[in-house]
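Asks: Sending over a structure as structure tokens; questions will come in a sec.
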Amino acid sequence: MARTFALAGNPNSGKTTLFNALTGARQHVGNYPGVTVEKKTGVYRMGSREFFLVDLPGTYSMTAYSMEEVVARDYLAMEKPSVVVDIVDASNLARNLYLTLQIIEMGIPVCIALNMVDVAEGRGIRIDIEKLSELLGVPVVPTVARSGKGKRELMDAAAQLAEKTDRISFPPISYGDDIDAALAEMEPLISGKNLLSGHYPARWVALKYLEKDQQIVSVGDAENPELSSELLRIVDRVTLHLSRTLNTDPEAMIADHRHGFIRSLLRQGVLHVENESSRLYLSDRIDQVLINRVAGPVIMAAVVLLLYHVTFALSEIPGQWLESGFAALGSIADARMADGMLKSLVISGIIDGVGGVLEFVPIILFMFVGITILEDSGYLARVAFMLDRVFRVFGLHGSSVMPFIVSGGIAGGCAVPGVMAARTLKSPKERLATLLTVPFMNCGAKLPVFALLIGAFFAAYKAWMMFAVTIISWAGALIVAWVLRHTIIRGEPMPFIMELPPYRLPTVRGVIIHAGERTWQYIRKAGTVILAISILLWALMSFPTLPDHQVEAYQQAGMEAELARAELEHSVAGRIGTTLEPATRLAGFDWRTNIALLGGFAAKEVIISTLGTAYSLGEVDVEEAGGLSTRLASSDDWRPLTAFSLIIFVMFYSPCFVAMVCIAREAGSWKWAFFSMGFNTVLAIVLAVMVFQAGTLLGL
Amino acid sequence: MAETILTIAIVGAAAVYLLRDLYRRFRRGSCGGCSCDKCADEKDCESTVYRNKAP
């Protein structure tokens, strides 16, 4: 039986010319029932073989805006040709590939005829055909339809593709998190009930629902009204969310991401244009500067530094208000409550523990506002694009960049969504390398720890120090990734296409909603998990108590400060901290820091709350003690080098418990979660010891 | 005496809360997110607040 090839393409792409060149005088024109638009059919002979060719109406997309589009789409879905030969105008590549993407998304084998290559060359357009083929995962054959050049090679490629059973599957395009989440929700519903499944892939149907394609929605309504309503409810929810946060709708978002995908694809060395600057869009013009090979990284560093400057500057005063507020609360509790266990719990365990964490809410809020602006404007995607080049050098995939940024690449993220975002990586080895290195980023829980130490010991140049911390964490993560990819996780890298959505002006409402959500998460965590851990750690730092005769001896000698310290050292946590001290002293950590770092295995914010409690329990006069920052700065056990060593340790040591659970689940084994805990902690202590010892030798 | 009982009750409540939290993460499969303790259903997980999580 002869195979059928459908010819699709934009109007004026040379499709009909190619069809005529292929079929010669054998073509005939036929009307199809129910539509008024023509489709031509013909026969192409190759040796003894014959192929039916169907020339579809020229269309710009596969939406159902025009009858041409409906005819073309219905034919592809209902008749299922063996191969779609997509005629792409080489001199208008970006516009033509929009249709190509949509045909590929329909799950039909595609062979691209890169037509009018002579015209393109005349206009100074050079196309890397192999690269285009590799990135799209489809054969690409250059043709000149007018002269018939390349038509035989094209038919050979299409025939081979039709015979192929192991076609490379095109990775699904991401349409941004909101749309992707909706697609992930809709796809199983569609495939579970086989809605339109005889003709279209489930993802494609979901996309059409999101685009509110009336034709598909009507067919869906008729086939399964209940499921169709459910899908529309999801669509309405996403539409409302996008409208509130980005002032857009799913259809525009999907189109933006397709255009972004194409632009990025062309930037991967596929397209070289000379003297075409007047054709560039506004986003492209901005990108010429922002992602320029030389200016781009400099601007990126300046943007991050500015973000840190603004964050620290704006949060300083509200941070002081909170610090004073919690100090006043402690004083009130001290004055009103009778001495004893409960008073100690309230002041040292709750107020100094959780209060220490909450004092950093302004920093978290302003950092998130800044990051949300960068994210919503589209700049964060450019950061990922620029870092992609660096990532490949270290054996990571371009898709690893966004998980790194989500995990706190600029500071203030979370490793849990970062680990989950690594799902987009197709290669299991690149995915594993990403899973194991994203926890090195500076998440929102590490941020207050760094802010505390930087504020106490490097107050004169906070933003620069935070910038240095960011650079060190990225460098550490990439070096570890390189080591892993060259030792235990070896494997070939996969090709990558990075999407660049167009620039948008962030809406005030969107920034408030997203930054507010993230800040609220921090506050809620402080008021729940951190509070509970602080209370338990207070108990561990308070019991067992010193024997009465020892307490009396200290009191009789008037050594109240020594008594407080002895009580803390005598506690369970104190004993653990003291036991570890001989080893951790090499990194400059005393037993109280050890307790805090042990607490940090549960959640990194606990480091602050535990230090708050430990230094509070060791203090005699609550009113004179000041905030934790002041206490650390005035402590004999601390100096800037100790703080820097601790920053290095916190940056690299074990992921928090929640992140470990997530790594175990995503890696499919607890082995990798424990590897992450053990490897990271050993790495952290080695680096911290090196920093502290080197600094001490230098007299710092 | 009352003060001791109240202190033990607070510490006990904190321990129970954390155990419950652990139970959720292990038995119900909730990732926990940044602070999420809602459920095992990823689409409702607050950690997905991070948009553009991956290209």
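The values are calculated or read from the model by the stated rules, or taken from the named source; none is laboratory data. Since the model is a prediction, treat every value here as computed from it, not as a measurement. So basically every Cβ, Gly included, is an ideal-geometry build from the backbone, and we count neighbours across all protein chains shown. Protein only, heavy atoms only, side chains kept; ligands, DNA and RNA dropped before computing areas. Shrake-Rupley method; radii C 1.70, N 1.55, O 1.52, S 1.80 Å.
Asks: Share of Cα-Cα pairs in the stretch A:555-644 beyond 23 Å, in percent? Write down the numbers at each step before the final one.
Replies: Numbers: 817 of 4005 pairs.
Value for the stretch A:555-644 (Cα pairs over 23 Å): 20 percent.
Asks: Using the Kirkwood radius built from alpha carbon pairs, what does the Stokes-Einstein equation give as D for the stretch A:452-590 at 4 °C and 1.567 mPa s, in µm² per second?
Replies: 61
Asks: Let me ask something else. Quick check: the angle from helix A:361-377's long axis to the longest principal axis of chain A, C-alpha only, nearest 10 degrees?
Replies: The two axes meet at around 10 degrees.
Asks: Take peptides A:379-390, A:129-140, A:431-442 and line them up by average Cβ neighbours within 10 Å, highest first, as a rough protection proxy. Intermediate results must be reported in sequence, preceding the final value.
Replies: Values: A:379-390: 21.1, A:129-140: 18.7, A:431-442: 27.8.
Packing order, densest peptide first, comes out as A:431-442, A:379-390, A:129-140.
Asks: Semi-axes of the stretch A:281-322's equivalent ellipsoid from the Cα gyration tensor, sqrt of 5 times each eigenvalue, largest first, rounded to whole Å?
Replies: One finds semi-axes of 33, 11, 4 Å for the stretch A:281-322.
Asks: Another one. Grab the Cα-Cα distance for A:SER191 and A:SER229, subtract it from 0.36 nm times how many residues apart they are, and report the gain in nm with one decimal.
Replies: 12.1 nm
Asks: With a point put 7 Å past each Cα toward its Cβ, work out how far A:ALA561 is from B:ALA9 in nm, to one decimal.
Replies: Each label point lies 7 Å from its Cα, and together they span 3.8 nm.
Asks: Just to be sure I understand: if you take the accessible area of chain B alone plus chain A alone and subtract the pair, with a 1.4 Å probe, what total do you get in Å², rounded to 100? Don't skip to the end; give the middle numbers.
Replies: On the way: alone 4950 and 30260 Å², together 31240 Å².
That pair hides around 4000 Å² of surface in total.
Asks: For A:HIS309 and A:ILE479, what is the calculated FRET efficiency with R₀ set at 22 Å and r taken between the beta-carbons, to the nearest 0.05?
Replies: So, using R0 = 22 Å, E works out to roughly 0.20.
Asks: Sticking with this structure for a sec: For the stretch A:664-679, just list the computed ³J(HN,Hα) in residue order, Karplus coefficients 6.51, -1.76 and 1.60, θ = phi - 60°, integers in Hz, with x standing in for Gly and Pro.
Replies: 4, 5, 6, 7, x, 7, 6, 4, 6, 5, 6, 4, 4, 5, x, 4
Asks: Under 5 Å between amide H atoms, partner at least 5 residues away or on a different chain: which partners does A:MET46 have, H built in plane at 1.01 Å?
Replies: A:PHE51
Asks: Which one of A:PHE312, A:HIS259, A:ALA77 is farthest out on the positive end of the charge dipole of the protein assembly as shown, using unit charges on Cβ (Lys, Arg +1; Asp, Glu -1) and the Cα centre as origin?
Replies: Sorting the options by dipole projection puts first A:ALA77.
Asks: Right, here's the next one. Is it possible to state the helix-based mean residue ellipticity at 222 nm for chain A, with each DSSP H run of 4+ residues giving -39500 (n - 2.57), the sum divided by total residues, to the nearest 500 deg cm²/dmol? What is it?
Replies: -19500 deg cm²/dmol
Asks: Moving to a separate point now. Kirkwood Rh over Cα pairs of the stretch A:3-163 into Stokes-Einstein at 25 °C, 0.890 mPa s: D in µm²/s?
Replies: 158
Asks: If the chain between A:ALA468 and A:ALA338 were fully stretched, how many nm would it gain, using 0.36 nm times the residue separation less the Cα-Cα distance?
Replies: Gain in length upon complete extension: 42.2 nm.
Asks: So, with a 1.4 angstrom probe, what is the percent of accessible area on chain A that is carbon and sulfur?
Replies: Values: 17090 of 28330 Å².
Roughly 60 percent, rounded to a whole number.
Asks: Could you work out, residue by residue across A:337-348, how many beta carbons of other chains sit within 10 Å of that residue's beta carbon, and then give the average as an integer?
Replies: Counting other chains' Cβ atoms within 10 Å and averaging over A:337-348 gives 2.
Asks: Taking chain A as the reference, fit the longest principal axis to its C-alpha atoms, fit the long axis of helix A:151-163 to the helix C-alpha atoms, and give the angle between the two in degrees, 0 to 90, nearest 10.
Replies: Compared with the principal axis, the helix lies near 60 degrees.
Asks: Using only C-alpha atoms and all pairs of different ones, pull out the Kirkwood radius for the stretch A:548-700 in Å with one decimal.
Replies: Values: mean 1/r = 0.0593 Å⁻¹.
About 16.9 Å, per the Kirkwood formula over Cα pairs.
Asks: Tell me which aspartates and glutamates have Cα within less than 14 Å of A:LYS149's Cα, excluding those fewer than 8 residues away on the same chain?
Replies: Candidates past the 8-residue exclusion: A:ASP118.
Asks: What are the extents of the Cα atoms of the stretch A:95-225 along their three principal axes, in Å, largest first?
Replies: 52, 32, 25
Asks: Taking the alpha-carbon centroid of each part, what is the distance from the stretch A:532-558 to the stretch A:667-697 in angstrom?
Replies: 33
Asks: Angle, helix A:508-525 long axis vs. longest principal axis of chain A, Cα atoms, 0 to 90°, nearest 10?
Replies: 40
Asks: On to the next question. Charges only on Cβ, +1 for Lys and Arg, -1 for Asp and Glu: so what's the dipole of the stretch A:70-118 about the Cα centre, in debye to the nearest 20?
Replies: Dipole of the stretch A:70-118, to the nearest 20 debye: 100 debye.
Asks: Turning to a different aspect of this structure: Once you average over the residues of A:521-534, how many Cβ atoms of partner chains fall within 10 Å of each Cβ?
Replies: 4
Asks: In nm, what is the difference between 0.36 nm times the number of residues separating A:THR528 and A:ARG585 and their Cα-Cα distance?
Replies: Here the segment from A:THR528 to A:ARG585 would lengthen by 17.3 nm.
Asks: Is there a pair in A:LYS40/A:LYS212; A:LYS131/A:LYS429; A:LYS131/A:LYS164 whose C-alpha atoms are over 25 Å apart, and which pairs would that be?
Replies: Violating the 25 Å Cα-Cα cut-off are A:LYS40/A:LYS212.
Asks: For the ranges A:110-116, A:541-547, what's the packing order if you count other beta-carbon atoms within 10 Å of each residue, average per peptide, and put the highest first?
Replies: Sorting A:110-116, A:541-547 by mean packing, highest first, produces A:110-116, A:541-547.
Asks: If you bin the C-alpha pair distances of the stretch A:177-279 every 10 Å from 0, what whole percents do you get?
Replies: 14, 40, 24, 15, 6, 1
Asks: Can you give me the distance in nm between label points at A:ARG3 and A:ASP128, each placed 7 Å from the Cα along the Cα-to-Cβ direction?
Replies: Using points 7 Å along Cα→Cβ, the separation is 2.9 nm.
Asks: Determine Rg/Rh for the stretch A:271-345; Rg is computed over alpha-carbon atoms and Rh is the Kirkwood hydrodynamic estimate from the same atoms.
Replies: 1.51
Asks: Given the peptides A:600-611, A:144-155, arrange them by the average over their residues of other C-beta atoms within 10 Å, most packed first.
Replies: A:600-611, A:144-155
Asks: Okay, moving on. Against the empirical 2.2 N^0.38 Å scaling, what ratio does the C-alpha Rg of the stretch A:234-369 come to? Kindly include the intermediate steps, with their values, before the conclusion.
Replies: Working: Rg = 25.5 Å, N = 136, 2.2 N^0.38 = 14.2 Å.
Taking N as the residue count of the stretch A:234-369, the ratio is 1.79.
Asks: Okay, moving on. Does a label point 7 Å from the Cα of A:ARG639, set along Cα-to-beta-carbon, have any residues of the stretch A:662-700 with amide nitrogen under 20 Å, and which are they?
Replies: A:687-700, by backbone N distance to the label point.
Asks: Could you work out the pair-distance distribution P(r) of chain A from its alpha-carbon pairs, with 20 angstrom bin width and percents rounded to whole numbers?
Replies: Pairs per bin, as whole percents: 16, 41, 27, 13, 3, 0.
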